[in-house]
Amino acid sequence: MYNGKVIYNPSGKAGEYSYWAANFYNGCSARCEYCYNRKGVVAKVLGGDIPTLKKSLGTIEQAFHFFKIEVEKNLEELRRNGLFFNFVSDPFLDETRELNTWCMRYAMELGIKVKSLTKQTKWVGYFLMFSENIDKRIDVKNLFHIGFTLTGHDSLEPGAATNLERIEAATKLKAAGFKVWFSIEPIIDIESSWKCIIQTSHISDLYKIGLQSGKKYDKHDIKVFMDNVIRITKNEFRSVPVYFKDSLLKQAGISRESLPSNCVDRTFNL
């Protein structure tokens with residue numbers, strides 16, 4: 001029996017990315033060594049390294065049908081807050097791209113902001129060609145907000161595009177008029193994350209920055225890192241919104257209220 005549950009309100013660390021999210025698949029072939037979803041009992045529930053459509057959704061056609069029903073049920077809330085693709089998998093894997101892009105387009109047709117996060121880039125060239133021919137009634141350049149995860153550690157992400165390939169893809173999308181953002185999470189080491197920010201500060205429309213789950217960092221190093229991020233994102237030339245996740249602020253011993261004006265809270269939407 002298919003129950004068709006696709007759209008939900010994420011909680012915990014996921015809730016810091018979006019109030020609404022859509023998940024169709026369990027598992028992700030990026031095989032990131034640090035991924036929480038690949039560890040222990042969680043991997044058995046969420047699918048490990050092989051993306052598979054959730055059993056409760058039946059076929060991709062049925063999944064799309066369920067998605068449309070849920071969108072229409074929550075339409076005003078989704079228009080207000082946007083919809084995130086995806087937490088449990090990557091929306092632009094070869095195995096997941098078709099259904100996710102169907103659903104992204106449907107959401108945008110209804111005026112819903114789509115927020116995506118990926119480590120893949122093969123889809124970008126096709127997407128840019130497609131976006132030129134999309135129905136002009138869809139304001140795709142304002143409704144589609146494209147995020148790339150950057151860690152600076154390709155060896156820990158064997159099934160993903162390299163970090164440099166992600167930055168190059170984001171640069172192409174930015175040049176085409178799209179809003180691009182970066183998830184600097186997890187911070188494997190501060191130096192690598194800082195280099196990723198330096199490489200992208202001229203194109204990023206938003207940063208979301210978080211620590212590696214369960215890892216302890218030097219408090220002074222985290223504070224210096226935050227100061228450097230604020231310095232490079234808020235200056236006389238440009239002010240880029242930055243969201244420091246709760247766990248990072250906790251380890252740094254800094255309250256969100258004490259941060260400068262470009263440091264946004266979890267409700268911020270591009």
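The values are calculated or read from the model by the stated rules, or taken from the named source; none is laboratory data. Everything quoted here is computed from the prediction, not taken from an experiment. Because the Cβ atoms are built from the backbone with ideal geometry, glycine has one as well, and the counts that use them run over all protein chains shown. Calculation scope for accessible area: heavy atoms of the full protein, side chains included, ligands and nucleic acids excluded. Shrake-Rupley method; radii C 1.70, N 1.55, O 1.52, S 1.80 Å.
Rolled with a 1.4 Å probe across the full set of protein chains, the surface gives W20 an accessible area near 20 Å². A 1.4 Å probe over all protein chains sorts V264, V242 by accessible area into V264, V242, starting with the largest.
How much area per residue is accessible in the stretch 164-270 when the probe is 1.4 Å and only protein heavy atoms are counted (Å²)? Display every interim value, and only then the final one.
Working: 5110 Å² over 107 residues.
For the stretch 164-270, the solvent-accessible area averages 48 Å² per residue.
Taken one residue at a time, the phi angles of the stretch 61-71 give Karplus couplings (6.51, -1.76, 1.60, θ = phi - 60°) of 5, 5, 4, 4, 4, 4, 4, 4, 4, 5, 4 Hz. Gly and Pro are set to x.
As a size descriptor, the averaged projected area of the C-alpha convex hull of the chain was calculated at 14.1 nm².
Solvent-accessible surface of protein heavy atoms, probed at 1.4 angstrom with all chains present, puts E257, E77 in the order E257, E77, largest first. Relative to the dominant Cα principal axis of the chain, helix 163-175 is inclined by about 70°. Computed on the Cα trace of the stretch 97-191, the radius of gyration divided by the Kirkwood hydrodynamic radius gives Rg/Rh = 0.99. Remark: the stretch 121-184 carries a charge dipole of roughly 260 debye about the Cα centre, counting +1 on each Lys and Arg Cβ and -1 on each Asp and Glu Cβ.
With Kirkwood's inverse mean 1/r over C-alpha pairs for Rh, give me the Rg to Rh ratio of the stretch 152-204, two decimals please.
Here the Rg-to-Rh quotient is 0.97.
Compared with the dominant Cα axis of the chain, that is its longest principal axis, helix 97-109 is turned about 90°.
Taking amide H positions as modeled 1.01 Å from N, with prolines and chain starts lacking one, the residues under 5 Å from F84 and 5 or more places away or on another chain are W20, A21, A22, K115. Projecting the Cα atoms of L259, S155, M226 onto the dipole axis of the stretch 121-264, where Lys and Arg carry +1 and Asp and Glu carry -1 at the beta carbon, places L259 farthest toward the positive end.
Volume per residue, Å³, of the convex hull around the alpha-carbon atoms of the stretch 155-270? Walk me through the numbers on the way to the answer.
On the way: hull volume 13.3 nm³, N = 116.
About 114 Å³ per residue, rounded to a whole number.
Report the net charge of residues surrounding L75, where surrounding means a beta-carbon distance below 15 angstrom and charges are Lys +1, Arg +1, Asp -1, Glu -1. Could you put the intermediate results ahead of the total?
Details: positive: K68, K73, R79, R80, K113; negative: E70, E72, E76, E77, E109.
Summing Lys/Arg as +1 and Asp/Glu as -1 gives 0.
Quick check on the stretch 5-144: what are the equivalent-ellipsoid semi-axes from the Cα gyration tensor, as sqrt(5λ), descending, whole Å?
Working: eigenvalues 115, 61, 42 Å².
With the √(5λ) rule applied to the stretch 5-144, the semi-axes are 24, 17, 14 Å.
For the chain, the share of accessible area belonging to carbon and sulfur comes to 54 percent (1.4 Å probe, ligands and nucleic acids excluded).
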